[in-house]
Number of protein chains: 2
Amino acid sequence: MSRVLLVAGGNPSDWPTIEPATYDYFVGIDRGCLHLLEADLPLQLAVGDFDSLSREEYHFVQETTETLIQAPAEKDDTDTQLALQEALQRFPQAEMTIIGATGGRIDHLLANLWLPFEPRFQGVLRQIRLCDRQNSIQYYAPGSYIVPKEPDKEYLAYCCLTPVENLTLRRSKYLLTNQDVPYPTSYASNEFIEEAAAFSFDAGMIAVIQSKDK
Amino acid sequence: MSRVLLVAGGNPSDWPTIEPATYDYFVGIDRGCLHLLEADLPLQLAVGDFDSLSREEYHFVQETTETLIQAPAEKDDTDTQLALQEALQRFPQAEMTIIGATGGRIDHLLANLWLPFEPRFQGVLRQIRLCDRQNSIQYYAPGSYIVPKEPDKEYLAYCCLTPVENLTLRRSKYLLTNQDVPYPTSYASNEFIEEAAAFSFDAGMIAVIQSKDK
């Protein structure tokens, strides 16, 4: 499976460590295009309305990127929604890692956190991952799953983004059995006790967040 | 109405500007107790399991605070849930401003963002406010509301924390009329066009976020 890195406009000081060789394709989202180039990473697809860039910055992006998709400034989609859609059209099976999408404005963070609810992304929610310096977020539809521990993370959280039915947490420090969760709830600060944890549920959507303190 | 400031353990560099005279009572939550004292603010109620504090730090908090509530380390409530409950028992009508509750770990941020869903807090959700350097979050149950602009903020977002019925946004740059919102959605980057915006909805819960870029 190929891997796509999508870089939104958040502060690069919040990025996780990026191993360029891990990714097959690099997408810049608005100001994220500049952040990619400043980090000496390739810019293959540039998406955005680019209203946060100066004319010089915009020309630099335009001359450097392989492909540019210019969005109108007033539109229903956010730049990140549009970029994810364009990336999925090109690489429908790829893992999509989104960085620069957290920190700062919480309305933006929530728009990014909730991307997998959109009908066009729900079918590929397992391919979407949001990452920053302290957090790695993956999405799950009803089913039964194994969650491998990420080596640099300490904590494990099951964040029920909706009401959830019949949640069972296994192979972790804190356990739950057939719990119905009536409203959005963050079961935070759980911990791995072995190389992988396990969970299952019957209805709703869950974001599993692995995190560390700093 | 009296005002209570609750300070959780997040980095004080993310705090909003605090005017001490605005608050009638100061609550420290775990490491937030130290942050309050380091900022030369009073510490009247200290709540937490304090497992993040050294013995010396713990003694300092213990000797300085008016009241200390020691929570067990392994408990169902988070320290913030417990602190909010204790503050509401003392000041049932007060406005509760929670700081130090965002930034860093997203599982913690979500646990704090979703506090008003809990049955014990739902009845007072209009009294709860989450604030940091860039964001101010208030909560709304179904009804019709006016939202006064906060002078230091630029953006206005309607974050539907649940499916929402019949959402109408008025007196703002972007409008909606009788919109049903089928899943959690952040209507971000709206703007005030006068001193207050207005909105109404019939079912669900909405967080209104006023924010600025830096």
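The values are calculated or read from the model by the stated rules, or taken from the named source; none is laboratory data. Only a predicted model underlies this, so the values are computations on that prediction, with no experimental measurement involved. Using ideal geometry, Cβ is built from the backbone for each residue, glycine included, and neighbour counts are taken over all protein chains shown. Surface accessibility is based on the protein's heavy atoms, side chains included, excluding ligands, DNA and RNA. Shrake-Rupley method; radii C 1.70, N 1.55, O 1.52, S 1.80 Å.
A few points about this structure:
- Inter-label distance for residue A:39 and residue B:150, nm, one decimal - labels placed 7 Å from Cα along Cα-to-Cβ: 2.9
- Taken along the Cα-to-beta-carbon direction at a fixed 7 Å, the label points for residue A:166 and residue B:166 span 3.4 nm.
- Inter-copy label distances at residue A:129, shortest first and taken from points set 7 Å along Cα to Cβ: 4.0 nm.
- When the residues B:40, B:24, B:14, A:132 are ordered by accessible surface, computed with a 1.4 Å probe over the protein chains alone, the sequence from largest down reads B:40, B:24, B:14, A:132.
- For the options A:72, A:142, A:119, a Gaussian network treatment of chain A with springs between C-alpha atoms closer than 10 Å singles out A:119 as fluctuating the most.
- Sorted from closest to farthest, the other copies place their residue A:64 label points 4.6 nm away, with each point set 7 Å from Cα along Cα→Cβ.
- Comparing A:172, A:136, A:13 in a Gaussian network model of chain A, where Cα atoms under 10 Å apart are tied by springs, the biggest mean-square fluctuation is seen for A:13.
- Calculated from backbone phi, Karplus (6.51, -1.76, 1.60) coupling profile of the stretch A:137-143 in Hz, x at Gly/Pro: 10, 10, 10, 9, 8, x, x
- Farthest towards the positive end of the charge dipole of chain B, among the residues B:54, B:21, B:11, is the Cα of B:21, using unit charges on the Cβ of Lys, Arg, Asp and Glu.
- Each Lys and Arg Cβ is given +1 and each Asp and Glu Cβ -1; about its Cα centre, the protein assembly as shown then shows a dipole of about 600 debye.
- Only Lys, Arg (+1) and Asp, Glu (-1) charged, at Cβ; the stretch A:1-132 dipole about Cα centre in debye: 460
- For the protein assembly as shown, the calculated P(r), taken from all Cα-Cα distances in 20 Å bins from zero up to the bin holding the longest distance, is 25, 58, 17, 0 percent.
- Based on the reciprocal of the average 1/r between different C-alpha atoms, the Kirkwood radius for the stretch B:1-132 equals 14.6 Å.
- If you take all other residues with their beta carbon under 15 Å from the beta carbon of residue B:90, and give Lys and Arg +1 and Asp and Glu -1, the sum is -2.
- C-alpha center-to-center spacing [the stretch A:141-201, the stretch B:117-159] in angstrom: 29
- Ascending list, in nanometres, of distances separating the residue B:17 label from those of the other copies (7 Å, Cα toward Cβ): 4.0
- Chain A, helix-only ellipticity at 222 nm - DSSP H runs n ≥ 4, -39,500 (n - 2.57), divided by all residues, nearest 500: -5500 deg cm²/dmol
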